[in-house]
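Worksheet: one structure, shown below.
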Amino acid sequence: MSNEKKKVKTIKIDLDKCNGCRACEMICSAYHATPRYSSNNPARSRIRMIRKPLQDVYLPVYAGEYTAAECMGRDKYLIDGKEYDECAFCRASCPSRDAFKEPDSGLPLKCDMCEDEDEPLCVKWCINDALVYEEREEDMEEEVVQEEIETGLKALADKYGLDNLVDTIARMSKKE
Ligand code: SF4
Ligand code: SF4
């Protein structure tokens, strides 16, 4: 088993400070536009705001793992007297809703912590400090890496078919 270190990046969310301005959605979608910053469509954002101003509910949620099947049991949360909808805290790109899917292709979206940026842009743009970036190092086990690769490949196989995926990988390996 490998003792390689991995950097764990976390964004802490302080719901009391979020006012639902949606600056985080705007900068995320602009950063991930092609070419970069060429457009601004919150549907492409890897962070989505759940806003219910009448109930004073402002909940930023980050896109996490893709899941091929929706879950059968769902939870409702009552926190500090505020009721959050079923699926509100779920980060998955899932068949039961439109959240965290690229609007043109339908491919799952996942927060990538802004790749090469020194700090996630949504954190930088949140002037209310509702998003706080933290970093730490942890030992990485080989199985975890394997699991991440399998999840990514499964999403592509579900979208394009296993045969297409296998052909493409075979073509790519010949080019190397
Ligand atoms: S930028 Fe900050 S305050 Fe504005 S919606 Fe996003 S998390 Fe909330
Ligand atoms: S960290 Fe970057 S990719 Fe992730 S939600 Fe924030 S702006 Fe988007």
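The values are calculated or read from the model by the stated rules, or taken from the named source; none is laboratory data. Just so we're clear, the structure is a prediction, and the values are computed from it rather than from any experiment. A quick note on method: Cβ atoms are made from the backbone with ideal geometry, for glycine too, and the neighbour counts reach across all protein chains shown.
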### Summary
Checked the stretch 59-69 for anything modelled with pLDDT of 95 or more and over 12 Å from the mean Cα position of the chain (by Cα); matches are Leu59
### Query
Taking the stretch 58-108 as the region of interest, how many residues are in contact with a helix residue (DSSP H, G or I) (Cβ under 7 Å, 6 or more places away or on another chain), more than 16 Å from ligand 1 (Cβ to nearest atom) and either part of a loop (DSSP other than H, G, I, E, B) or touching a residue at least 60 places away in the same chain (Cβ under 8 Å) (or both)?
6
### Query
Do the conditions hold for Ser38, that is, is it of a type in the set (S, T, N, Q), in contact with a Leu (Cβ under 8 Å, 6 or more places away or on another chain) and under 30 Å from Tyr160 (Cβ atoms)?
no
### Message
If Glu4 meets every condition in (1) within 16 Å of ligand 2 (Cβ to nearest atom); (2) out of contact with any Leu (no Cβ under 6 Å at 6 or more places or on another chain) apart from one, which number is that one?
### Response
(1)
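What number of residues within the stretch 24-63 satisfy the criterion of being more than 10 Å from ligand 2 (Cβ to nearest atom) and farther than 19 Å from Asp116 by Cβ?
The first filter runs over the stretch 24-63 and keeps only residues more than 10 Å from ligand 2 (Cβ to nearest atom), leaving 33-43, 49-59.
Adding the requirement that they be farther than 19 Å from Asp116 by Cβ leaves 39-43, 49-59.
Of the residues in that region, 16 qualify.
Can you spot a residue in the stretch 135-149 that is within 15 Å of the chain's Cα centre (by Cα), among the acidic types (Asp, Glu) and within 16 Å of ligand 2 (Cβ to nearest atom)?
Going through the stretch 135-149, the residues within 15 Å of the chain's Cα centre (by Cα) turn out to be 148.
With the extra rule that they be among the acidic types (Asp, Glu), the set shrinks to 148.
Cutting the leftovers down to within 16 Å of ligand 2 (Cβ to nearest atom) gives us none.
Checked against the condition, which is being within 15 Å of the chain's Cα centre (by Cα), among the acidic types (Asp, Glu) and within 16 Å of ligand 2 (Cβ to nearest atom), the stretch 135-149 yields no hits at all.
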### Query
How many residues does the stretch 22-55 hold that are more than 16 Å from ligand 1 (Cβ to nearest atom) and farther than 30 Å from Glu86 by Cβ?
7
### Task
Examine the stretch 141-153 for a residue that is modelled with pLDDT of 90 or more, exposed (fewer than 13 other Cβ atoms within 10 Å of the Cβ), acidic (Asp, Glu) and farther than 15 Å from Lys12 by Cβ, and state whether such a residue exists.
no
### Query
When the residues of the stretch 105-129 are filtered to those that are over 21 Å from Val8 (Cβ atoms) and surrounded by 12 or more Cβ atoms within 10 Å (Cβ to Cβ), which remaining residue is nearest to ligand 2 (Cβ to nearest atom)?
Trp125
### Task
Go through the stretch 1-57 residue by residue and tally those that are of a type in the set (S, T, N, Q), loosely packed, with under 11 Cβ neighbours inside 10 Å and part of a helix (DSSP H, G or I).
0
### Residues of the stretch 126-176 satisfying the condition of being within 30 Å of Asp16 (Cα to Cα) and of a type in the set (S, T, N, Q)
Asn128
### Message
Checking Glu134 against (1) exposed (fewer than 12 other Cβ atoms within 10 Å of the Cβ); (2) over 21 Å from Glu148 (Cβ atoms); (3) in contact with a Ser or Thr (Cβ under 6 Å, 6 or more places away or on another chain): exactly one of these is not met. Which one?
### Response
(2)
### Message
Give me the residue from the stretch 1-21 that is more than 22 Å from Asp80 (Cβ to Cβ) and not hydroxyl-bearing (Ser, Thr, Tyr) and, out of that set, farthest from ligand 1 (Cβ to nearest atom).
### Response
Met1
